[in-house]
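The values are calculated or read from the model by the stated rules, or taken from the named source; none is laboratory data. Nothing here was measured: the structure is a model prediction, and the numbers come from that model. Please note: Cβ atoms are built from the backbone with ideal geometry, for glycine as well, and neighbour counts cover all protein chains shown.
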4 protein chains.
Amino acid sequence: MSDVQHPEYQACIDACNACAAACDNCSTACLQEDDVKMMARCIALDMDCAAICRMAAAYMARGSDFAVQLCRLCATVCSACADECGKHRMDHCQACAQACRRCAEACIAMDSAA
Amino acid sequence: MSDVQHPEYQACIDACNACAAACDNCSTACLQEDDVKMMARCIALDMDCAAICRMAAAYMARGSDFAVQLCRLCATVCSACADECGKHRMDHCQACAQACRRCAEACIAMDSAA
Amino acid sequence: MSDVQHPEYQACIDACNACAAACDNCSTACLQEDDVKMMARCIALDMDCAAICRMAAAYMARGSDFAVQLCRLCATVCSACADECGKHRMDHCQACAQACRRCAEACIAMDSAA
Amino acid sequence: MSDVQHPEYQACIDACNACAAACDNCSTACLQEDDVKMMARCIALDMDCAAICRMAAAYMARGSDFAVQLCRLCATVCSACADECGKHRMDHCQACAQACRRCAEACIAMDSAA
């Protein structure tokens, strides 16, 4: 029997980790594109999003009193990143947009359940 | 077709994320034990380990030039945390020790493959 | 002449860095107290607070679109940590409480100025 | 009288925080340059460097057993970032290169003193 503090957080932790990796992958791939300038906002949002997703995962894993509030802001950042990445047709951007949307949904679900 | 930068890093990224969550869960559970003092070194190592695992995941996901070097240090921290957690019979410590050992192995494999 | 993106953020970045270090110092010192159990909530809040302060510093230094929103949540976490640390008479807790209060004020000032 | 755990770490913590902010400022400024493509490696190293500097500051502030080993790797990353930023004449790159060199020196000094 597991004694994980908050098993109900696991799906959101997984979504946050997947989103962070997708954002990191996307920013690196964006920096290798021919037209990097066009990807500037995407790269900046990828950085914001990867950072807050990893911190949200940490807050949830520790069962922090502020996990839900952080997830709320994480959903906002993920949505902004999804909107920007969604504008670009490259696989790394499309994969990132999808991971961001899933993470935003998981974070919003955390908030609704709280 | 995916355009993930380094698909060969994925297993180690997953091990790092699992280890970070296990460490965070363990530190919170340790703080709820009756004898917290006995768990002090465990908590401190959990903090170190969770932090470096998440940073290693980020370096790998971005395909950083320093991913392998960071994984080498991550393996050292994970091993120290596994040794300490392994001394305590609680489920959260045993689960953490196991996640730390798996992560150390995955990080060492990264280094060997580099 | 400097080309720092947001010179008006510098005071808050400094307060965040000082608070993060005070929280980290406090958690380590708490783990060395005779009665660690009494310090459990302090340690947990120190972890939350150090993490969000460093991320707020990063968001500000990058001029993130979400810097102000993150500072707002950072102020909430800092205030909670200040309240808890303020209950304990040890130097490390008192110093941490003071750093947390200063950081909360700096973060709130960011929000007011936005 | 302060009860900071490791007052001898303070100069290096300060150098790490200054370097992290300089790297973050540089990456954002690089993304606003006309020729972003030329700055791609600079941006990637800025990200690596900011992240490890903040984690090194955290390890030092907590008096981690691994603070010195992390500082050693931090010095390597800082030196690589300084070399790349030093190639570009923009103020943000020159300021970042200088902060990276100072941080590398402070991290190496930590290692020598250990």
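Of the residues in the stretch B:30-49, none is facing chain A (nearest Cβ under 7 Å) and not β-branched (Val, Ile, Thr). Regarding B:Met60, is this residue in a helix (DSSP H, G or I) and crowded, with 24+ Cβ neighbours inside 10 Å? Against the criterion (in a helix (DSSP H, G or I) and crowded, with 24+ Cβ neighbours inside 10 Å), B:Met60 qualifies.
Out of B:Cys19, B:Cys23, one residue alone is surrounded by 20 or more Cβ atoms within 10 Å (Cβ to Cβ), more than 7 Å from every other protein chain (Cβ to nearest Cβ) and within 30 Å of A:Gln94 (Cα to Cα). It is B:Cys19. Please verify whether C:Met38 is more than 14 Å from the chain's Cα centre (by Cα) and assigned to a helix (DSSP H, G or I), treating the condition exactly as stated. Spelling it out, C:Met38 is indeed more than 14 Å from the chain's Cα centre (by Cα) and assigned to a helix (DSSP H, G or I). Among the residues of the stretch C:63-90, write down those that are assigned to a helix (DSSP H, G or I), without any contact (Cβ under 8 Å) to a residue 40 or more places away in the chain and within 14 Å of chain D (Cβ to nearest Cβ). Across the stretch C:63-90, the qualifying residue is only C:Leu70. With respect to (1) at pLDDT below 95; (2) not in a loop (DSSP other than H, G, I, E, B), the lone exception for B:Ala20 is condition (1).
Output the residues belonging to the stretch A:85-112 that are farther than 18 Å from A:Cys16 by Cβ and surrounded by fewer than 22 Cβ atoms within 10 Å (Cβ to Cβ).
A:Gly86, A:Lys87, A:His88, A:Arg89, A:Met90, A:Asp91, A:Gln94
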